[in-house]
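Below is one structure; the comments refer to it alone.
Every number in this text was worked out from the coordinates using simple rules, so none of it is lab data. Everything numeric in this text was worked out from a predicted model, so none of it was measured. Cβ: placed from backbone, ideal geometry, glycine included. Neighbour counts: every protein chain shown.
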Amino acid sequence: MTQRILISTGGSGGHVVPATILYEHLKDQFNVSMSTDNRGMKFLDKNKYNLEIFNITPISKNIFLIPFQFFLIIYLIIKSIFFLKKRKIDILISTGGYMSLPLCLASKIVNIKIFLFEPNMVLGRSNKFFIKSCEKIFCYSVKIKNLPNKYISKISIIPALLRKKFYDIKKADAIDKKISLLIIGGSQGAKIFDTLIKFSMIELSKKYSLKIYQQTNSVNFEVLKKFYKDKSIDCELFDFKEDISNLMSKSNICITRAGASTLAELVFLNLPCVVIPLPTSKDNHQFENAFFYNKIGCNWVLNQNEINDEAITNKLFNIIDNKDEFLVKKINMKNFSCQNTWNNINHKIISVINENRISKN
């Protein structure tokens, strides 16, 4: 009988995008469905996935709301139990985040096997809470911060999850006379990128033939468009969307936040990047993500709290003019991602699930 798997996700693109990739890896071998909250819906095509909405609000720090939230969580756990029973779910895979808490708790109560996924280099709080109860946790490295040593054996290392189309697009070109610069703020946007790097773009355009692909949001779109038009800088603005892979393949250098999915995609496409981690990310996980790739020579890391527009400009000029260092970064990226194939990841994930399914029955 085909196992029924529910993938629980929601919140930001950092949770939802890996969930969709897991869905694609598992759908041919298992009966797979997915749950998400209203925030996660904006990153999903509801017609493409077997989807259920579980809208869960973040836990408030307001002490007066604690009693209400307690009863809300109880209600959501009961709702989750009935949902899991009705769907006859055998396995729950959680991509982390508070939105997965009720389903994970319900799965624990009714003895449904739990698998976790952690793309960051710091164990998320939800995943840490359920690490004892899970069968395995899929990670990109064994050196995950905040993971208790006694649970290291639960880690199953896989290459970074990439959307399938990434394996079919061309790798990023080396720097030549034309600079194609990609600026990525992540699924939550990065307003500071719309303001901090304007001076750098002006200075770069004075020396090089410059094409800019920049992610922004609807609030800043027109202002940024007018800025580049007034400065006669060739640009293409876009919001968070799946076809960013095409823009990555057109670029030869990138400025980015340090979301796990974005960094994995850039490394796979051999696109060297200046990484400016979000300083307010929980448990400073974006810095740890950036530092993981920095240690193996794949990027340059700048601290947002210590830089200004002149510092970014100098860094970009140094990278562009020092092509030897740039090429070393591309080689390091290529060597690191050489084992990342769709079939390798597919075999690994399915094998781990099947091995633990059989061994526990």
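Return the label of the correct value of P(r) over Cα pairs in 10 Å bins from 0, in percent, as calculated from the structure shown, out of (1) 5, 24, 36, 27, 7, 1; (2) 5, 24, 32, 23, 13, 4, 0; (3) 5, 23, 32, 25, 9, 2, 2, 1, 1, 0.
(2)
Please report, in debye to the nearest 20, how large the charge dipole of segment 166-336 is about its Cα centre when each Lys and Arg carries +1 at its beta carbon and each Asp and Glu carries -1 there. Write out the running numbers ahead of the final one.
On the way: 23 positive and 21 negative charges, 69 e Å.
Once rounded to the nearest 20, the dipole reads 340 debye.
Taking H as built 1.01 Å from N, whose amide H comes closer than 5 Å to the amide H of Ile255, not counting residues under 5 places away?
Amide H to amide H, under 5 Å and 5 or more residues apart or across chains, Ile255 pairs with Leu182, Ile183, Ile184, Val274.
Taking only Cα atoms and a 10 Å spring cutoff, compute GNM fluctuations for the chain and point out the largest among Asn217, Asn149, Asn55.
Asn149
Add -39500 (n - 2.57) for each DSSP H run of 4 or more in the chain, then divide by its residues: what number comes out at 222 nm, to the nearest 500 deg cm²/dmol?
Values: 14 runs with 157 residues, N = 361.
Dividing the helical sum by the residues of the chain leaves -13000 deg cm²/dmol.
Just list whichever of Lys27/Lys128; Lys154/Lys323; Lys177/Lys225; Lys128/Lys171 have alpha carbons separated by over 31 Å in the model shown. Walk me through the intermediate numbers first.
Numbers: Lys27/Lys128 27 Å; Lys154/Lys323 42 Å; Lys177/Lys225 24 Å; Lys128/Lys171 36 Å.
Distance filter (> 31 Å) returns Lys154/Lys323; Lys128/Lys171.
Whole-Hz Karplus ³J(HN,Hα) for segment 272-283, in order, using 6.51 cos²θ - 1.76 cosθ + 1.60 and θ = phi - 60°, x for Gly and Pro?
Result, rounded to whole Hz: x, 9, 8, 9, 10, x, 5, x, 9, 5, 4, 6.
Which cysteines in the chain lack any other cysteine whose Cβ sits under 4.7 Å from their own Cβ?
Cys104, Cys134, Cys139, Cys235, Cys298, Cys338
Rounding to the nearest 20 debye, state how big the charge dipole of the chain is about its Cα centre with +1 on each Lys and Arg Cβ and -1 on each Asp and Glu Cβ.
Working: 51 positive and 30 negative charges, 205 e Å.
My answer is approximately 980 debye.
Can you give me the angle between helix 323-336 and the longest principal axis of the chain, using Cα atoms only, in degrees from 0 to 90, rounded to the nearest 10?
It is inclined by approximately 20 degrees.
Can you find, among Ile192, Met248, Phe291, the residue sitting farthest towards the positive end of the charge dipole of segment 166-336, where Lys and Arg contribute +1 and Asp and Glu -1 at Cβ?
It is Met248, whose Cα lies furthest towards the positive end.
Find how much the distance from Glu310 to Glu355 grows on full extension, using 0.36 nm per residue of separation minus their present alpha carbon separation; answer in nm with one decimal.
On the way: separation 45, 0.36 × 45 = 16.20 nm, distance 5.39 nm.
Gain on stretching Glu310 to Glu355: 10.8 nm.
Using alpha carbons only, how many degrees (0 to 90, rounded to 10) separate the axis of helix 342-360 from the longest principal axis of the chain?
Tilt of helix 342-360: around 20 degrees.
Lys/Arg Cβ at +1, Asp/Glu Cβ at -1, dipole of the chain taken about the Cα centre: which of Val16, Ile276, Asn308 is farthest positive-ward?
Going by the charge dipole, the pick is Val16.
Residues in segment 251-287 near a label at Tyr98, defined as backbone nitrogen under 15 Å from the 7 Å Cα→Cβ point?
So the set is 282-283.
Expressed in nm², what is the orientationally averaged projection area of the convex hull enclosing the Cα positions of segment 139-280? Spell out each step's value before the answer.
On the way: hull surface 39.1 nm².
Spelled out: convex hull of the Cα atoms, projected over all directions, averaged, 9.8 nm².
Can you compute the modelled spin-label distance between Lys323 and Tyr75, with each label point 7 Å from Cα toward Cβ, in nm?
Distance between label points: 6.4 nm.
Lys136: which aspartates and glutamates have alpha carbons under 17 Å from its alpha carbon, excluding same-chain residues fewer than 8 sequence positions away?
Asp90, Glu118, Glu355
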